[in-house]
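Heads up, the thing below is written out as structure tokens.
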Amino acid sequence: MLKISNETIIEMYEKMVKIRKFENRAMNLFAEGQVGGFVHLYIGEEAVATGVCASLRDDDYITSTHRGHGHILAKGGDMKYMMAELFGKETGYCKGKGGSMHIADATKGILGANGIVGAGHNIAVGAGLAAQYKGTDQVCACFFGDASTNQSTFHEGLNLASTWKLPVIFICENNGYGISVSQARHQNITDISQRAVSYNIPGITVDGNDVFAVFEAVQEAVARARKGQGPTLIECKTYRWRGHFEGDPTVYRPEGELDQWKKKDPIPRAEKYILDNQVMTQAEMDQLNERIDAEVEEAVDFALASKFPDVASAVLDVYTDIVEEGRTR
């Protein structure tokens, strides 16, 4: 048995189901032409965001990626505001100006999804430095993909976090592809966690489709970070079921690869554990699924009923009114 409460197990199962259902609905809405711009879905990777965020407190931080819906929902983001942002409505998280790739919620410690590959590494280091400077025991979980570990920001971020022992947990969501390029074609290593050796920090590779394995690994990393013992690099091996973006023909995938990964679907795996250990009954899981279906439809209704932002608002929210040393900037 895992050293984890039934309450936490149920919460994680609920988060994974919520992410999957939200993403499936977003996929269909995009296909119908109701959601514009680029949409990058998290289907298949739900265990990573869920296991990580279940290890965090509400006042901890995360940085996200262009594939950020799962991260936001796992950290406690509001599905209604998420959906409204996808629709480009003024009730969305970023007032309809960010769309799918740029959702943020500072009240939940969500420092922003980002369309720039590797942008989150140094933002996370900044959040960790702020927590260290203030003397809190907050941590920051930084989500990123396998290909971004080739970026200078990854190495700069790990180097500084290691040198200053910052409370950052670097979470590599290794789904096997950097857009259409397989890991074997852009890196000469098998496990990205090996790169932690260069910075003298712990590097761990876990099954990213096992929410409990992710949770346990991150729990240990968070405990180290809160004690002032510095960062950890955790590689979660997983797989995205959809293309890099909606509309991606995925011709780069070998035949049968997706089918093999679908057999490792993190949600049925969690369901089996829950049923085998009598954490929930099948009837209770069915009720939970029905409730989340209703929540997703409420979010769609909310988005549809919301207004598009006024054209004049395009020039608002561009500058801040922070005053420092008598100057506004």
*In terms of the Cα gyration tensor, with a ≥ b ≥ c the square roots of its eigenvalues, is the range 61-109 rounded because a/c is under 1.5, prolate because a/b exceeds b/c, or oblate?*
prolate
*Kirkwood Rh, Cα atoms: Rg over Rh of the range 191-313*: 1.08
*Pick out, from Thr163, Ala305, Ser100, the residue whose Cα sits farthest towards the positive end of the charge dipole of the chain, with +1 on the Cβ of Lys and Arg and -1 on the Cβ of Asp and Glu.*
Thr163
*How far apart, in nm, are the 7 Å Cα→Cβ label points at Glu14 and Asp191?*
3.5
*Relative to a virtual label point 7 Å from the Cα of Ile4 in the Cα→beta-carbon direction, which members of the range 271-310 show backbone nitrogen distances below 20 Å?*
271-282, 284-286, 288-289
_Long-range HN-HN contacts of Ile62 with modeled amide H, under 5 Å_ = Ile110, Leu111, Ala141
*How would His121, His155, His66 line up by accessible area, probe 1.4 Å, largest first?*
His155, His66, His121
_Pairs of alpha-carbon atoms within less than 8 angstrom and 6+ residues apart define the contacts here; what relative contact order does the chain have, in percent?_
22
*Size of the range 113-257 along its principal axes in angstrom, Cα-based, largest extent first?*
51, 29, 27
*When the convex hull of the Cα atoms of the range 87-144 is projected onto a plane and the area is averaged over all directions, what value comes out in nm²?*
4.4
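Chymotrypsin sites (Phe, Trp or Tyr not before Pro), restricted to the range 224-329: which are DSSP loop and have at most 13 other Cβ atoms within 10 Å?
Details: sites: Tyr239, Trp241, Phe245, Tyr252, Trp261, Tyr273, Phe302, Tyr319; in loops: Tyr239, Trp241, Phe245, Tyr252, Tyr319.
Qualifying residues, ordered by number: Tyr319.
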*Cα-projected label distance for Asp293 with Val311, points at 7 Å along beta-carbon direction, nm*: 4.3
*asked:* Just to be sure I understand the model, the point goes 7 Å from the Cα along the line to the Cβ. What's the resulting Asn159 to Asp58 distance in nm?
replied: 3.9
*Any chance you could tell me what percent of the C-alpha pair distances in the range 15-100 go past 19 Å?*
34
*Taking a ≥ b ≥ c as the square roots of the eigenvalues of the Cα gyration tensor of the range 73-194, is the shape rounded (a/c under 1.5), prolate (a/b larger than b/c) or oblate?*
oblate
_Normalised by the empirical 2.2 N^0.38 Å for globular proteins, what value does the Cα Rg of the range 202-271 take?_
1.42
_To make sure I understand the rule: partners must be aspartates and glutamates, Cα under 15 Å from the Cα of Lys95, and not fewer than 8 residues away in the same chain. Which ones qualify?_
Asp78, Glu85, Asp105, Asp310, Asp317
*Considering only Val318, Val300, Val251, give the residue with the highest GNM mean-square fluctuation for the chain, with springs between Cα atoms whenever their separation is below 10 Å.*
Val318
*For Tyr319 and Arg226, what is the calculated FRET efficiency with R₀ set at 22 Å and r taken between the beta-carbons, to the nearest 0.05?*
0.05
*Run through the DSSP bridge list for the chain and note the antiparallel percent, rounded to the nearest 5.*
20
_As a quick test, which of the pairs Lys21/Lys134; Lys15/Lys237; Lys227/Lys272; Lys165/Lys262; Lys165/Lys272 have an alpha carbon distance above 31 angstrom in this structure?_
Lys21/Lys134; Lys227/Lys272; Lys165/Lys262; Lys165/Lys272
*With only Lys, Arg, Asp and Glu charged, each at its Cβ (+1 for the first two, -1 for the last two), find how big the charge dipole of the chain is about the Cα centre; round to the nearest 20 debye.*
820
*Cα principal axis extents for the range 243-329, largest first, Å*: 62, 39, 36
*Rounded, prolate or oblate: which one fits the range 181-233, using the alpha carbon gyration tensor with axes a ≥ b ≥ c (rounded when a/c is under 1.5, else prolate when a/b beats b/c, else oblate)?*
oblate
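The values are calculated or read from the model by the stated rules, or taken from the named source; none is laboratory data. The shown structure was predicted, so the numbers you read here are calculated from the model rather than taken from an experiment. In this analysis, Cβ positions are derived from the backbone assuming ideal geometry, glycine residues included, and neighbour counts consider all displayed protein chains. Ligands, DNA and RNA are stripped out before the accessible areas are found, and what is left, the full protein with its side chains, is counted by its heavy atoms. Shrake-Rupley method; radii C 1.70, N 1.55, O 1.52, S 1.80 Å.
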